[in-house]
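Quick notes on the structure that follows.
Since every read-out is calculated from the coordinates, none of them should be taken as a lab result. Since the model is a prediction, treat every value here as computed from it, not as a measurement. Cβ placement follows ideal geometry from the backbone for every residue including glycine, while neighbour counts extend to all protein chains displayed.
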């Protein structure tokens, strides 16, 4: 079969997938820190809200979250008199990033808690404010510890982007489905599709490894 | 109406109550797919782990690359591949079996790492000590390594059981009537997506909380120093 003719639509889809993975990973990283720090916060409402978000998005299936945001939220909005209809791109990015954010929050929490307590005491003795302790003492030391887990989550997220094709977003999996319907060449299209996802994951893994070594320099040495 | 059960759309609460029995039918399919996927994954994972630990590079290398490949490609695409490609080679499976197979194939990659980590967590010193006592390699494996590895492997596999459960909704794309698909059909027919989809979320939350508690219980109560196998 003429594999080259598949490449054009598949490349278009791959570009959508790459952008979606990028946005949702970045947004998911932000959610991770938001929920992760929120969970350790001193204020109870903040802590409980974070725990609720983490449990909801870790405890349910990503596809359920995606469908809920895409199909159910507009109905809820209607009941409240709001227009909560999300375009597929927004629903997809939001579901992916909230999901990855909930998993990432546990990573952030674990890494922050792993910073030795003596560091907090030393910082407090030097009259640092809690905010300064968080941003200047805890987080810089915690980030290198988070990196390997974040890398796994980012690759997981890249794979999960395939699910947005189910709400009609034209990503790689969606385009492949179209090409297959058109050509009926399941073997060729799906083999190519698997290899493309594999290739993207390998490139992403390589980039993340570079980032890990860069961030590794922040690690506190020899105390 | 679905599965011969009518629903009542008087208000959201009545509607929720009336579709609950229908959703529970879907839930049963979800649980069945989870268990079957888990069994397939655990078995295939064991094969992959064994192949990867072979000294002979010509066998261990392809196994390693294949594991990486399975881990780095989406379940959805693997499912499509199995669903559309297997029949072309004359292997026609019911959708449910194809779905469970796809779950198993994807998770076998993760599970093979669990086995490897569990086996490698037994310190080399123990193996060397056993060898110094002239215990045969087979007996070292079954009497020294395995009893200590199993309590470390089981909780990790349990976590993947929970993950598999959360991935089952993907199987709805090959028209398996699992929980999410049932909820969508109810939504399509009643024009109310919010109630069924929210119920699915709640059911999932209950299921994963219970399953996670079970895994934690196992983790705490399995004898850390090893299960005597005889």
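Return the calculated 222 nm mean residue ellipticity for the protein assembly as shown, to the nearest 500 deg cm²/dmol, obtained by summing -39500 (n - 2.57) across DSSP H runs with n ≥ 4 and dividing by the residue count. Mind dumping the intermediate values first?
Values: 17 runs with 332 residues, N = 453.
Taken over the protein assembly as shown, the calculation gives -25000 deg cm²/dmol.
So what's the angle, to the nearest 10 degrees on a 0 to 90 scale, between helix A:186-216 and the longest Cα principal axis of chain A?
Relative to chain A, helix A:186-216 is tipped by roughly 20 degrees.
Using a 10 Å cut-off on Cβ to Cβ distances, tally the other chain neighbours for every residue of B:65-71 and report the average as a whole number. Numbers along the way, then the final one.
Working: counts 1, 0, 0, 4, 6, 2, 6.
That works out to 3 on average.
Please work out how much length the chain gains when fully extended from residue B:20 to residue B:3, using 0.36 nm per residue of separation minus the C-alpha to C-alpha distance, in nm with one decimal.
Details: separation 17, 0.36 × 17 = 6.12 nm, distance 1.21 nm.
Difference between extended and current length: 4.9 nm.
Suppose a student asked you for the relative contact order of region B:12-221, using Cα pairs under 8 Å spaced at least 6 residues apart; what percent would you report? Spell out each step's value before the answer.
Working: 218 pairs, mean separation 63.5, N = 210.
Computed over region B:12-221, the figure is 30 percent.
Across peptide A:162-171, how many C-beta atoms of other chains are within 10 Å of each residue C-beta, on average?
Values: counts 9, 7, 1, 4, 5, 0, 0, 0, 0, 0.
Mean shielding count: 3.
Give me the angle, in degrees from 0 to 90, between the Cα long axis of helix B:95-120 and the longest principal axis of the Cα atoms of chain B, rounded to the nearest 10.
Between helix and principal axis, roughly 30 degrees.
Hey, with R₀ at 56 Å, roughly what FRET efficiency would residue A:30 and residue B:143 work out to, going by the Cβ-Cβ distance, to 0.05?
Values: r = 51 Å, r/R0 = 0.91.
Efficiency, from the Cβ-Cβ distance: 0.65.
How many partner chain Cβ atoms sit within 10 Å of a residue's Cβ in peptide B:77-83, on average, as a whole number? Mind dumping the intermediate values first?
Working: counts 13, 6, 1, 10, 7, 1, 2.
The shielding value for this peptide is 6.
Under the rule a/c < 1.5 gives rounded, and otherwise a/b versus b/c splits prolate from oblate, where does region B:1-72 land using the Cα gyration tensor? Could you put the intermediate results ahead of the total?
Working: a/c = 6.37, a/b = 4.25, b/c = 1.50.
In terms of gyration-tensor shape, prolate.
What's the center-to-center distance, using Cα atoms, between region B:121-139 and region A:167-217 in Å?
The two parts, judged by their Cα centres, are 44 Å apart.
State the extension gain, in nm to one decimal, for the chain segment bounded by residue A:15 and residue A:118, taking 0.36 nm per residue of separation less the distance between their alpha-carbons. The partial results should precede the final answer.
Numbers: separation 103, 0.36 × 103 = 37.08 nm, distance 4.71 nm.
Residue separation times 0.36 nm, minus the Cα-Cα distance, leaves 32.4 nm.
With a Förster radius of 22 Å, plug the Cβ-Cβ distance of residue B:216 and residue B:46 into 1/(1 + (r/R0)^6) and report the FRET value to the nearest 0.05.
Values: r = 24 Å, r/R0 = 1.10.
Taking R0 as 22 Å, the efficiency between residue B:216 and residue B:46 is 0.35.
Using 7 Å Cα-to-Cβ label points, what is the residue A:211/residue B:136 separation (nm, one decimal)?
If labels sit at residue A:211 and residue B:136, their model points lie 5.2 nm apart.
Take the Cα atoms of region B:29-181, find their three principal axes, and give me the spread along each one in whole Å, biggest first.
58, 32, 23
Want the number for residue B:64 to residue B:191: 0.36 nm per residue separation, take away the alpha-carbon distance, what's left? List each step's numbers first, then the result.
Numbers: separation 127, 0.36 × 127 = 45.72 nm, distance 4.80 nm.
Value of the extension gain: 40.9 nm.
Using packing as a proxy for protection, rank B:79-91, B:143-155 so that the peptide with the highest average count of other Cβ atoms within 10 Å comes first.
With the highest mean Cβ count within 10 Å placed first, the list reads B:143-155, B:79-91.
Along each of the three principal axes of the Cα atoms of region A:81-223, give the extent in whole Å, ordering the values from largest to smallest.
Computed over region A:81-223, the largest-to-smallest principal extents equal 70, 47, 17 Å.
Using a basic spin-label model with each label point 7 Å from the Cα along Cα→Cβ, how many nm lie between residue B:54 and residue A:52?
The answer from the label model is 5.5 nm.
By the gyration tensor of its Cα atoms, with a ≥ b ≥ c the square roots of the eigenvalues, what is the shape of the protein assembly as shown: rounded for a/c under 1.5, prolate for a/b over b/c, or oblate? Mind dumping the intermediate values first?
Values: a/c = 1.44, a/b = 1.14, b/c = 1.26.
Rounded.
On alpha-carbon atoms, Rg over Rh for region A:105-184 using Kirkwood Rh? Intermediate results must be reported in sequence, preceding the final value.
Details: Rg = 21.5 Å, Rh = 15.8 Å.
Reported Rg/Rh, Kirkwood definition of Rh: 1.36.
Compute the long axis of helix B:194-221 from its Cα atoms, compare it with the longest principal axis of the Cα atoms of chain B, and write down the angle in degrees, 0 to 90, nearest 10.
For helix B:194-221, the angle is close to 20 degrees.
Rounded, prolate or oblate: which fits region B:93-163 when a ≥ b ≥ c are the square roots of the eigenvalues of the alpha-carbon gyration tensor, with rounded for a/c under 1.5 and prolate only if a/b beats b/c?
prolate
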